[in-house]
Amino acid sequence: MGVEVVSWIAFFIWAISEIFIVIRTKILRRRASATKADKGSYWLIIIGIYIGIGIAFFFHFQKWGWVSQSIASIGAVLMLVGIALRLWSIQVLGHNFSTVVSVDSNQTLVKDGPYKHIRHPAYTGSLITFVFMGLAFNSWVASCITIVMLSLSFIYRIQIEEKVLISHFNSDYEEYIRKTWRLIPYIW
């Protein structure tokens, strides 16, 4: 099986997983009376993702920043690692997961699984997926542009989310902050 086929399979696995996440979230949170505090970050991330996909495909077809087949293979595998981390993170959060920043009275502070070390591992998984999507589709330039663009989107979202979580969980979340990394262990 060629690298390009593996890259497209990884892309379709991502697309199907995101559809699954949206449906699952609607089912699990349909009765939640949540207070939304998203401040447009959901749409900023969605726009960033679609631009990242467009850049990866455009650069692939233009052959800009072309990488070797072995690097593209590694990119496809790491895309799958990112997807797996995102899905695991969402599974561990259970009914607490939402696609928009919101809290409800039944929400609990999850510190298990990937949340033991990283406060926002679903975002880490997304970042891994999209950074390596550029490489999977043969463009290191697309990966560089995507990492900058999505990092800025996630930084904005995380700042909003952490203010909401501190307000909701008070000192419990502040203690959790002291023991974990935001997005990338040993970096931030």
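The values are calculated or read from the model by the stated rules, or taken from the named source; none is laboratory data. Note that the coordinates shown come from a computational prediction; the quantities given were computed from them, not determined experimentally. Neighbour counts are summed over all protein chains in view; Cβ atoms, including those assigned to glycine, are modelled from backbone coordinates with ideal geometry.
Counting only residues that are surrounded by 15 or more Cβ atoms within 10 Å (Cβ to Cβ) and assigned to a helix (DSSP H, G or I), which one in the range 169-188 is farthest from the chain's Cα centre (by Cα)?
Result: 169.
Can you find a residue in the range 73-86 that is buried (at least 18 other Cβ atoms within 10 Å of the Cβ), in contact (Cβ under 8 Å) with a residue 24 or more places away in the chain and charged (D, E, K, R)?
Yes, the conditions are met somewhere in the range 73-86.
Could you check the range 52-70 and list, in sequence order, the residues that are part of a helix (DSSP H, G or I) and surrounded by 17 or more Cβ atoms within 10 Å (Cβ to Cβ)?
52, 53, 55, 56, 59, 60 - these are the residues of the range 52-70 that are part of a helix (DSSP H, G or I) and surrounded by 17 or more Cβ atoms within 10 Å (Cβ to Cβ).
Of the residues 158, 118, only one is over 22 Å from residue 12 (Cα atoms), in contact (Cβ under 8 Å) with a residue 40 or more places away in the chain and surrounded by fewer than 22 Cβ atoms within 10 Å (Cβ to Cβ); which?
Only one candidate qualifies: 118.
Can you tell me how many residues in the range 155-168 are over 30 Å from residue 77 (Cβ atoms), in contact with a helix residue (DSSP H, G or I) (Cβ under 8 Å, 6 or more places away or on another chain) and either outside any helix (DSSP H, G or I) or not acidic (Asp, Glu) (or both)? Lay out the reasoning, then the answer.
Just the residues of the range 155-168 that are over 30 Å from residue 77 (Cβ atoms), to begin with: 159-160, 162-168.
Of the ones still in play, those that are also in contact with a helix residue (DSSP H, G or I) (Cβ under 8 Å, 6 or more places away or on another chain) are 160, 162, 165-166.
With the extra rule that they be either outside any helix (DSSP H, G or I) or not acidic (Asp, Glu) (or both), the set shrinks to 160, 165-166.
So the answer is 3.
Please tell me if residue 94 is touching a helix residue (DSSP H, G or I) at 6+ places or on another chain (Cβ under 8 Å) and either loosely packed, with under 15 Cβ neighbours inside 10 Å or aliphatic (A, V, I, L, M) (or both). Don't jump to the end; show me each part of the working.
On the way: touching a helix residue (DSSP H, G or I) at 6+ places or on another chain (Cβ under 8 Å): yes; either loosely packed, with under 15 Cβ neighbours inside 10 Å or aliphatic (A, V, I, L, M) (or both): yes.
Yes; evaluated as a whole, the condition is true for this residue.
Here is a check on your reading of the model: is residue 12 assigned to a helix (DSSP H, G or I), surrounded by 14 or more Cβ atoms within 10 Å (Cβ to Cβ) and either at pLDDT 85 or above or of a type in the set (Phe, Trp, Tyr) (or both)?
On the way: assigned to a helix (DSSP H, G or I): yes; surrounded by 14 or more Cβ atoms within 10 Å (Cβ to Cβ): no; either at pLDDT 85 or above or of a type in the set (Phe, Trp, Tyr) (or both): yes.
The answer is no for residue 12.
State whether the residues of the range 123-130 include one that is among the hydrophobic types (A, V, I, L, M, F, W, C), buried (at least 21 other Cβ atoms within 10 Å of the Cβ) and within 18 Å of residue 47 (Cβ to Cβ).
Yes.
If you take the residues of the range 98-135 that are among the aliphatic types (A, V, I, L, M) and part of a helix (DSSP H, G or I), which of them is nearest to residue 37 (Cα to Cα)? Step through it out loud before you land on a result.
Taking the range 98-135 first, the residues among the aliphatic types (A, V, I, L, M) are 100-101, 103, 109-110, 118, 122, 127-128, 131, 133, 135.
This time we only want the ones that are part of a helix (DSSP H, G or I), so: 122, 127-128, 131, 133, 135.
Values: 122: 19, 127: 22, 128: 26, 131: 27, 133: 30, 135: 34 Å.
Checking each candidate, the answer is 122.
Kindly indicate which of 7, 70, 41 is touching a Phe, Trp or Tyr at 6+ places or on another chain (Cβ under 9 Å), of a type in the set (Ser, Thr, Tyr) and modelled with pLDDT of 85 or more.
Matching residue, one of 7, 70, 41: 7.
Which residues, counting only those in the range 136-154, are in a helix (DSSP H, G or I), buried (at least 24 other Cβ atoms within 10 Å of the Cβ) and over 16 Å from the mean Cα position of the chain (by Cα)?
Listed by number, the residues that qualify are 136, 142.
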